[in-house]
Structure formats: structure tokens, C-alpha cells
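Novice: Before anything else, here's the structure in question.
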Ligand SMILES: *Cc1c(COP(=O)(O)O)cnc(C)c1O
């Protein structure tokens with residue numbers, strides 16, 4: 001007979017999910033109420049307002065899609081793209097490649113702007129692609145590439161889309177809550193995120209926001225959105241403004257308690273303080289790793305504070321290190337993906353997991369495991385270097 005499942009208490013320093021606050025986990029266990037209960041509708045309105053705060057937007061159409069980040073991505077594409085359209089897709093890692101898949105499944109043509117993994121999206125190349133394709137109606141890119149730990153210039157790319165009369169689709173799954181995501185200042189049109197990265201909530205929810213321009217485009221489209229579940233015209237009837245809410249699907253009630261709690265925590269801390277915390281812990285981690293003799297895989301100006309790509313030293317057994325960290329320290333870090341598999345580790349400092357204790361634990365644990373493997377590291381140098389940047 002099967003018995004209850006009791007997971008261990010891990011330290012989640014991979015590419016997501018990240019550690020979850022006990023406050024958020026407790027919210028998850030509160031009594032379920034009906035998804036059309038007047039109190040739940042009030043909660044939905046508050047979640048919308050909190051998401052507007054997190055996205056720094058006044059977009060009316062801002063809501064959590066009841067599915068993971070990949071569904072938020074799909075929601076943006078299926079609503080903005082119609083068969084026969086041309087979309088310029090910037091790709092510098094795993095998630096740009098998924099955008100291409102989405103475009104093609106919408107019956108549209110993807111014009112790819114490729115940059116090397118580990119480099120940011122080239123604004124000049126994106127400009128050249130838009131100039132060469134005046135028919136392009138959308139420019140899509142990933143703000144924070146989790147597969148490589150690289151940030152791209154979202155403000156410049158969104159401005160570029162506007163100049164060309166195209167809409168922008170922006171992946172902020174890993175950026176939201178960790179670094180600036182300024183939807184209104186950027187003039188971004190369709191932006192999606194995820195609950196389990198820097199928002200430190202349970203996986204399975206995808207916050208999205210659409211500009212008034214994007215909403216006009218959706219309302220004027222002639223071709224029915226091919227996804228019933230993700231059709232924003234229908235979802236708006238459920239999450240929409242003053243009008244009476246109509247049943248569309250059953251919202252994941254308890255998951256939304258959790259999302260609400262994590263957003264309340266973000267608002268209590270304040271966006272600026274959350275960004276400063278992510279930066280401080282990132283700098284301390286980098287100082288510690290470099291003092292140990294390890295090197296970062298991404299050039300300093302493009303690094304994401306919440307996702308640190310570290311070069312694996314020659315001769316070190318990647319998988320053995322990660323499994324020793326997990327078994328002996330209950331610490332999860334991420335493997336490299338695609339071309340970077342076996343070459344980099346991805347150390348997350350996302351949301352609730354971005355704290356001084358995790359920085360210290362990670363450096364200490366890596367030192368122990370690498371030292372045992374005979375890797376060329378300086379024993380005892382990492383922790384003091386990190387702590388010097390954490391003390392104040
Ligand atoms: C994690 C991630 C996604 C996908 O989110 P899921 O919740 O796993 O579906 C998309 N884009 C980026 C940049 C991500 O980091």
C-alpha cells in the first residue's frame with residue numbers, strides 16, 4: 001500500500017523552483033473556498049493589483065494564468081499571433097528556441113535572430129531583422145535567460161518594436177521580483193512570468209500582463225485563437241473588470257492563496273529592496289566563488305543576480321558534484337543546458353532563497369565537495385570573501 005509522501009527539506013539553489021517561505025506554504029493549507037465565492041473574487045482583485053505592482057504597470061489585463069510559465073508564454077503567442085504573420089524571435093538560449101516553436105504552431109513564420117549562449121540579445125541584429133522584415137508584427141525575446149544566466153536590454157528591445165510598429169512579447173519568468181521589470185516604462189505589450197522563480201511561490205501559475213495596444217490587437221483579430229483555454233477574450237470574462245464574473249475554468253484556489261501571500265511579501269519588502277537584496281547576495285556569492293578560484297561564465301555587465309552561471313573547472317565530474325551536494329547537504333544547484341551541459345553550473349539565488357545563509361552554505365558545501373575531488377581550489381578563501389560583502 002502506498003503511504004504519505006514526506007519530501008526532505010532541500011535548499012533550492014537551482015534554476016527554479018526556489019525555496020518557499022513558510023508563510024507561503026502556510027497560506028496553501030488554508031481552507032478551500034468556492035472560486036466564485038465573493039471573498040475569492042475580492043482576493044482575485046487584490047492579486048491583480050499586486051501583480052500590477054510587481055510588473056510596474058497599470059495594464060488592466062493583468063492576471064495569473066492557471067498553469068506554469070510555459071502556458072504564460074503560449075498565452076502571449078496564441079493571442080497576439082495569427083496564421084500567416086511574421087514574428088522576429090531573438091534566441092540566446094533554451095527559451096528563445098521555445099518561442100520559435102510557439103510561433104510555428106500558430107501557423108506563423110519565425111525570423112530568428114541568433115546570439116551565442118552566454119551573450120545577451122543583440123539589439124542591432126534585432127533592428128536589422130525588423131528592417132529586413134517590415135511585415136513583422138511581433139518582436140519576441142527573453143529578458144532573463146535562465147539557461148545561461150544572461151540579462152538582455154528589455155527597454156531597448158521594446159522601444160525597437162514600437163519604432164517598427166510591432167508588438168513585443170517579453171519573457172520575464174526569471175526576472176520578475178529579482179531585477180527591474182518595468183512593463184509601462186519599457187512600453188512592453190505582452191509579458192509573462194512564473195510563480196516559482198523570484199516570486200518564490202509554488203510552481204504552476206503564470207502571471208501575464210497585456211498593454212492596451214495588445215488588447216486592441218486581440219479584440220480585432222479575425223482568426224479565432226486556437227487555444228480555448230488560453231483565449232484571453234474568454235479568460236477576461238472570468239478575471240475581467242467590473243462585469244459579472246463568468247465561469248471559465250476553476251481557478252487553482254489554494255495556489256492563488258500562495259501567490260497572494262508571496263506578492264504581499266514582495267510588497268512588504270518593496271521592489272527596490274528586493275532588487276538590492278538579490279544584488280548583494282549575488283555579489284557575495286561571486287566574490288566567494290572567485291576567491292575559491294572558480295570563474296563566472298558570463299561577463300559581469302550581463303550577469304543575472306538571481307542565476308549565476310559558473311564555469312566547471314577542468315577534470316571535475318559535474319554530475320558527481322551535484323549529487324554529492326544534494327545527498328550530503330540537501331542542496332540543489334542546476335546543471336548546464338544544451339551546449340553548456342557539463343561546462344557550467346547554474347546557481348540560483350531567487351526570491352526567498354536569495355539570502356546570506358544560502359550564499360554561505362553553497363560556498364562551504366562546494367568547497368568541501370570540490371576539495372575532495374582534488375579540484376584546484378583555494379581552501380578556506382571563499383567564505384571570508386563572501387562574508388566581507390554581506391556584513392553591514
Ligand atoms: C522556467 C522558465 C520558463 C518556463 O516556466 P515553467 O513554469 O517551467 O513552464 C520559461 N522561460 C524562462 C526564462 C524560464 O526560466
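Please treat every number below as a calculation from the coordinates, not as lab data. Being a predicted model, the structure only gives us computed values, none of them experimental. Neighbour counts run over all protein chains shown; Cβ positions are idealised from the backbone, glycine included.
Novice: Pop the C-beta distance of residue 341 and residue 222 into the FRET formula with R0 = 30 Å and round what comes out to the nearest 0.05.
Specialist: 0.10
Novice: What residue among 238, 192, 257 has the largest mean-square fluctuation in a Gaussian network model of the chain, using Cα springs under 10 Å?
Specialist: Of 238, 192, 257, the Gaussian network model singles out 238 as fluctuating most.
Novice: Given points 7 Å out from each Cα along the Cα-Cβ axis, report the residue 319 to residue 30 separation in nanometres with one decimal.
Specialist: Going from the residue 319 label point to the residue 30 one covers 4.4 nm.
Novice: Name the shape class, rounded, prolate or oblate, that the alpha-carbon gyration tensor gives for the chain, where a ≥ b ≥ c are the square roots of its eigenvalues, rounded holds for a/c under 1.5, and otherwise prolate holds if a/b is larger than b/c and oblate otherwise.
Specialist: Cα axes put the chain in the oblate bin.
Novice: I'd like to compare 139-150, 319-330, 45-56: which one has the highest average count of other Cβ atoms within 10 Å, and what's the full order after that?
Specialist: In descending order of packing, they fall as 139-150, 45-56, 319-330.
Novice: Sticking with this structure for a sec: Does segment 61-152 come out rounded, prolate or oblate, given a ≥ b ≥ c as the square roots of the eigenvalues of its C-alpha gyration tensor, rounded meaning a/c under 1.5 and, failing that, prolate meaning a/b above b/c?
Specialist: Oblate, since a/c reaches 1.5 and b/c is not below a/b.
Novice: Of 118, 237, 348, which has the largest mean-square fluctuation in a 10 Å C-alpha GNM of the chain?
Specialist: 237
Novice: Hey, what number do you get for the chain at 222 nm if only DSSP H runs of n ≥ 4 count, each worth -39500 (n - 2.57), divided across all residues, to the nearest 500?
Specialist: That comes out to -13000 deg cm²/dmol.
Novice: Here is a follow-up. Counting only Cα, what are the radius of gyration and maximum Cα-Cα distance Dmax of segment 55-115, in Å?
Specialist: Cα-based Rg and Dmax for segment 55-115 come out at 12.6, 34 Å.
Novice: Test of understanding: in a Gaussian network model of the chain with alpha carbons linked when under 10 Å, which of 380, 360, 351 would top the mean-square fluctuation ranking?
Specialist: Fluctuation is largest for 380.
Novice: How tilted is helix 123-132 with respect to the longest principal axis of the chain? Cα atoms for both, answer in degrees (0 to 90, nearest 10).
Specialist: 30 degrees
Novice: When ranked by the protection proxy of mean other Cβ atoms within 10 Å per residue, highest first, what sequence do the peptides 194-202, 76-84, 155-163 form?
Specialist: Listed from highest to lowest mean packing, they are 194-202, 76-84, 155-163.
Novice: Can you sort 344, 209, 364 from fewest to most other Cβ atoms within 10 Å of each residue's own Cβ?
Specialist: With the fewest neighbours first, 344, 209, 364 line up as 364, 344, 209.
Novice: Shifting gears a bit: Fewest Cβ neighbours within 10 Å first, please rank 317, 19, 189 accordingly.
Specialist: 317, 19, 189
Novice: In vacuum, with every alpha carbon of segment 305-392 counted as one equal point scatterer, what does the Debye formula give for log10 I(q)/I(0) at q = 0.12, 0.18, 0.20, 0.25 Å⁻¹? Two decimals, please.
Specialist: Relative scattering, expressed as log10 I(q)/I(0), comes to -0.35, -0.82, -1.02, -1.49.
Novice: Between the helical axis of 253-269 and the dominant principal axis of the chain, each derived from Cα atoms, what acute angle in degrees is found, rounded to the nearest 10?
Specialist: Compared with the principal axis, the helix lies near 70 degrees.
Novice: To continue, here is another question. So what is the relative contact order of the chain, in percent, for Cα pairs below 8 Å that sit 6 or more residues apart?
Specialist: Taking the mean separation of contacting Cα pairs over the length of the chain, I get 23 percent.
Novice: Between residue 60 and residue 328, what is the label-to-label distance in nm when each label sits 7 Å out along the Cα-to-Cβ direction?
Specialist: 5.9 nm
Novice: Where does each of 365-372, 287-294 land if you order them by average Cβ count within 10 Å, highest first?
Specialist: The packing order, highest mean first, is 287-294, 365-372.
Novice: By count of other Cβ within 10 Å, fewest leading, how are 171, 231 ordered?
Specialist: With the fewest neighbours first, 171, 231 line up as 231, 171.
Novice: Mind jotting down the distance between the C-alpha centroids of segment 357-378 and segment 285-351, whole Å?
Specialist: 11 Å
Novice: Sticking with this structure for a sec: Using only the alpha-carbon atoms, how far is helix 69-80 inclined from the longest principal axis of the chain? Give it as 0 to 90 degrees, nearest 10.
Specialist: 30 degrees
Novice: How long are the semi-axes of the equivalent ellipsoid of segment 134-289, taking √(5λ) for every eigenvalue λ of the Cα gyration tensor, in whole Å from largest down?
Specialist: Computed over segment 134-289, the values are 29, 23, 13 Å.
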